[in-house]
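Peer 1: First the structure, which I've put down as structure tokens, then a few questions once you've had a look.
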């Protein structure tokens, strides 16, 4: 991922590593009041120790308090916020400006991350794993493919976010215009649809097992159900429908 | 299943339940992974994988957007995989009953996450003054206790689900009246329609998406013809 030239920022590697590892737990204190806020403070804390006076100094305490307030973002993109806010705090940027920047950054980091990761990358990796299963892959092959593929994207995104945040400070807005973030969901969506066209039939074929004589009926029933669900979109939760149908079927099967 | 037999499964559920939101969100909580791992714990990873695939298809419908409420698949996948892998091979009711138990666990576990988030908010309220003063200890305490509670939450949900559903699934399997092929077929239809509906819900705005999907189906048919 490239973009505007970046400035190197002098935090020791071990501190960046500590922030990266803490970033994996950024949602550890997620709650309905401050959402990710306290998590952001938790992740930034190793970097804030470099403020004048260290952890006993008033600047450290003021910055930690400020950064632990309400914040929301996609967890994988918090690195952008963490990096840029850490740099701003260490460079002594006016607190009021930091507060404004924090408020402005939250929404884009949430929506961009949700579209790219939850609504694109995760379903893509799932259907690739289903494809491996349908092709006869072993448990290790299916799970290994899913975890390696997914986490390649996951860890890269987190590391890139922290790097770009530290390098650009408050000038990080242009990073959100990165082609991967803007156009990624479109391309990944197309790829997911293509892979799903292969993965769904072969995975389901393997699950059906001995009932292959019923394949015609299964396809028709699934298509009818799919059309109903697709028409209902957000008004219906598929997993709840699955729960209801299976509950009725189980009841029927033990009473018949 | 006794408490001691369920304990390793509950520990697995705790670790994978933690992954859903808290740490490290590497998607080891996805059912395709969690069910397979649970099956491997019982000694039948392939059985766990089968349940995992069905649950993964259903889980495509739920995207963990921010503050939205969603089922928790980490513990649920473990419960489904462990229950199915514990049944004798070829029992027709084992798959639907295990999937049903996993879906109920996912629902209950999702509610437990809401309770946990309220609990953390309550703790935050009590330590707000200290955090507003920039107390490092108060912040670390809040954060680490949140993670610990989540670990405990996963363990408790998984343990409770195993202790409740294990005898229930065994009883259902013993009294099952539907034929084997129909039992599988119903599960497949449910999984297929939910997965298809979910993919459509997510990707319907992608340009030419239907053509990409049909292209994939064409590749599948081509591969079948040449196989």
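The numbers here are math on the coordinates, done by the rules we state, and not lab data. Note that the coordinates shown come from a computational prediction; the quantities given were computed from them, not determined experimentally. Glycine also receives a Cβ, built like all others from the backbone with ideal geometry; neighbour counts cover every protein chain displayed.
Peer 1: Partner chain Cβ atoms within 10 Å, averaged over the residues of A:110-118 - can you pull that number for me?
Peer 2: Details: counts 2, 2, 0, 2, 4, 1, 0, 3, 6.
Shielding by partners across A:110-118 averages 2.
Peer 1: I would also like to ask the following. Over the stretch B:56-159, what portion of Cα pair distances is larger than 22 Å, expressed as a whole percent? Walk me through the numbers before you get to the answer.
Peer 2: Values: 2397 of 5356 pairs.
The proportion of pairs with Cα distances above 22 Å equals 45 percent.
Peer 1: Here is a further query. In square nanometres, what is the average projected area of the Cα convex hull of the stretch B:1-134? All intermediate terms of the calculation are to be shown ahead of the outcome.
Peer 2: On the way: hull surface 37.2 nm².
Spelled out: convex hull of the Cα atoms, projected over all directions, averaged, 9.3 nm².
Peer 1: Counting each pair of different Cα atoms once, what's the Kirkwood radius of the protein assembly as shown in Å, rounded to one decimal? Provide the component values of the computation, followed by the final result.
Peer 2: Details: mean 1/r = 0.0430 Å⁻¹.
23.3 Å is the Kirkwood radius here.
Peer 1: Now for a separate question. Only residues of the stretch B:95-120 count here: report those whose backbone N is under 13 Å from the spot 7 Å along Cα→Cβ of residue A:240, or say none.
Peer 2: Residues B:107 fall inside that zone.
Peer 1: Let me ask you something else. In whole angstrom, how long is each semi-axis of the equivalent ellipsoid of the stretch B:1-49, when you take the square root of 5 times every eigenvalue of its Cα gyration tensor and sort them from largest down? Mind dumping the intermediate values first?
Peer 2: Numbers: eigenvalues 73, 43, 6 Å².
Here the semi-axes work out to 19, 15, 5 Å.
Peer 1: Can you give the convex hull volume per residue for the Cα atoms of the stretch A:148-207, as a whole number of Å³? Please report the intermediate quantities before stating the final value.
Peer 2: Numbers: hull volume 4.8 nm³, N = 60.
Cα-based convex hull of the stretch A:148-207, divided per residue, equals 80 Å³.
Peer 1: Another question about this same structure. Computed on alpha carbon atoms, what radius of gyration and Dmax characterise the stretch A:166-247, expressed in Å?
Peer 2: Using the Cα atoms of the stretch A:166-247, the pair Rg, Dmax is 20.0, 62 Å.
Peer 1: Also, quick follow-up: Which value at 222 nm does chain A reach when only helices count, each DSSP H run of 4 or more adding -39,500 (n - 2.57), with the total divided by all residues and rounded to the nearest 500 deg cm²/dmol? List each step's numbers first, then the result.
Peer 2: On the way: 10 runs with 174 residues, N = 256.
So the helix-based figure for chain A works out to -23000 deg cm²/dmol.
Peer 1: Within the stretch A:161-201, what residues put their amide N at less than 20 Å from the label point 7 Å along the Cα-to-Cβ vector of residue A:97?
Peer 2: Only A:164-176 fall inside the zone, counting backbone N under 20 Å.
Peer 1: Same structure again: Over the Cα atoms of the stretch A:61-167, what Rg and Dmax result, in angstrom?
Peer 2: Final numbers for Rg and Dmax: 18.0, 59 Å.
Peer 1: Shifting gears a bit: Find the percent of Cα-Cα distances in the stretch A:110-256 that exceed 23 Å, and round it to a whole number. Numbers along the way, then the final one.
Peer 2: Numbers: 5736 of 10731 pairs.
Here the long-distance tail beyond 23 Å is 53 percent of all Cα pairs in the stretch A:110-256.
Peer 1: Quick check on chain B: what does the Kirkwood estimate of hydrodynamic radius come out to from the alpha carbon pairs, in Å? Let's see the in-between values first.
Peer 2: Values: mean 1/r = 0.0527 Å⁻¹.
The Cα-based Kirkwood calculation yields 19.0 Å.
Peer 1: What is the spread of the Cα atoms of the stretch B:99-227 along each of their three principal axes, largest first, in whole Å?
Peer 2: 69, 49, 23
Peer 1: Given the stretch A:42-83, report the % of alpha carbon pairs whose separation exceeds 12 Å. Display every interim value, and only then the final one.
Peer 2: Details: 510 of 861 pairs.
Value for the stretch A:42-83: 59 percent of Cα pairs lie more than 12 Å apart.
Peer 1: How many nm separate the modelled label positions at residue B:5 and residue A:56, each set 7 Å beyond the Cα in the direction of the Cβ?
Peer 2: 5.9
Peer 1: Between residue A:183 and residue A:231, what's the calculated FRET efficiency when r is the beta-carbon distance and R0 is 35 Å? Round to 0.05.
Peer 2: Working: r = 29 Å, r/R0 = 0.82.
Between residue A:183 and residue A:231 the formula returns 0.75.
Peer 1: For chain B, what is the calculated [θ] at 222 nm in deg cm²/dmol (nearest 500), taking -39500 (n - 2.57) for each run of four or more DSSP H residues and dividing by its residue count?
Peer 2: Values: 8 runs with 180 residues, N = 227.
Here the helix-only value at 222 nm equals -27500 deg cm²/dmol.
Peer 1: Now for a different question. Work out Dmax and Rg for chain A from the C-alpha atoms and quote the Rg first, both in angstrom.
Peer 2: Gyration radius and largest Cα-Cα distance of chain A: 23.2, 76 Å.
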